[in-house]
Amino acid sequence: MSTLMNLAATGLTDDGFKNGLSAVGYGLAAIGPGIGIGYLVGQSVQAMARQPEMAGNVRTTMFLGIAFAEALALIGFVIKFI
């Protein structure tokens, strides 16, 4: 009980904990798309190096994949505020 009183005295309230947890949640939500985008770009560069004549098609597909993966991160960002 005294720990809760000490937290309240220092200004840490339930709102502070909720904001902290939502920031951690968004950080976890951003890990997946970050890994996915890194893998996608790496594989695209490898594909362009192997077949330079297909670089335009690979680049277009890469940007579409990046957009879809980034949408997941933006959804996590919006949920942080809800």
Next item on the list: Subtract the Cα-Cα distance of residue 70 and residue 55 from 0.36 nm times their separation in residues, and report this length gain in nm to one decimal.
Entry: 3.2 nm
Item checked: Whole-Hz ³J(HN,Hα) from phi, Karplus 6.51 cos²θ - 1.76 cosθ + 1.60, for region 38-45, glycine and proline x -> x, 5, 4, 5, x, 5, 5, 5
Checklist line | Backbone N within region 23-56 under 18 Å of label point (7 Å from residue 81 Cα along the Cβ vector) | finding: 23-27, 29-30
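Each reported figure results from applying straightforward, stated rules to the coordinates on display, with no laboratory input. None of the values given here were measured: they were computed from a predicted structure. Positions of Cβ are backbone-derived with ideal geometry, glycine not excepted, and every protein chain shown enters the neighbour counts.
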